[in-house]
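Each remark here refers to the structure printed beneath this line.
Any read-out appearing in this document is the output of simple, stated calculations on the displayed coordinates, not a laboratory observation. Keep in mind it's a predicted model, so treat the numbers as computed, not measured. Glycine also receives a Cβ, built like all others from the backbone with ideal geometry; neighbour counts cover every protein chain displayed.
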Amino acid sequence: MGFDVRMIIDGDYENILCKWWKTWRWTPPVKDLLPENGNGGIMVSKDGVDICAGFLFLTNSKTAWSEYIISNFEYRDEDRSEAIEFLINTLSYMAKDRGYTYVYVSLKNNPLIDRYTNCGYVKGSTGCTEMIKILNN
């Protein structure tokens, strides 16, 4: 396998993640919507090439939330899917290590749904609409 994992650090959002989201034609989430550096965001790489990243949101219940999985559009090696599944499993292990019983995820992207399914996730509701309210405007 040979993947490396590290916590998201200062500069990753601006220099890597936003570019990846835009390349995939997704609107990047605003930075302050994401967990702070070193507290839930991880990057997976191989041989010095960043492949994918994602975030784990921690709650005061037994449920953590996995979100904003994104990958390097230009990385097309055969182990791309394996790297994404490694990321998903690493986020799941992080939640378990912190005492969580469940990890929740909301998805629309079919290939990403397949990756989560391969990692043991099961479907709940389908056809949902994601909604966010900005409170400080």
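Worth pointing out:
- Centre-to-centre separation between the Cα atoms of segment 62-137 and those of segment 1-35: 14 Å.
- Theoretical FRET efficiency, 1/(1+(r/R0)^6), r = Cβ-Cβ of K22 and N60, R0 41 Å, to 0.05: 0.75
- For the chain, the Cβ-based charge dipole about the Cα centre amounts to some 540 debye (Lys, Arg positive; Asp, Glu negative; other atoms uncharged).
- Residues of segment 1-24 with amide N under 18 Å of a point placed 7 Å along Cα→Cβ from K96: 5
- Amide H contacts of I69: F55, each under 5 Å away and 5 or more positions distant or on a separate chain (H built 1.01 Å from N in the peptide plane; Pro and chain starts excluded).
- Stretch gain in nm, segment N15-D114, where the contour uses 0.36 nm per residue and the Cα spacing is subtracted: 32.8 nm
- Note: segment 56-137, Cα convex hull, 131 Å³ per residue.
- Other residues lying with their Cβ under 15 Å from the Cβ of V122 contribute a combined charge of +1, Lys and Arg counting +1, Asp and Glu -1.
- Applying 0.36 nm per residue to the separation of M7 and D47 and subtracting their alpha-carbon distance, the gain on full extension is 12.7 nm.
- Modelled spin labels at E74 and K31, positioned 7 Å past Cα toward Cβ, are 2.2 nm from each other.
- Farthest toward the positive end of the dipole of the chain, out of I134, M94, P111, is the Cα of I134, where the dipole comes from beta carbon charges about the Cα centre.
- In Hz, Karplus ³J(HN,Hα) per residue of segment 114-128 (6.51, -1.76, 1.60; θ = phi - 60°; x = Gly, Pro): 4, 4, 5, 4, 4, 8, x, 6, 10, 6, x, 6, 10, x, 7
- Scaled against 2.2 N^0.38 Å for its residue count N, the alpha carbon radius of gyration of the chain is 1.02.
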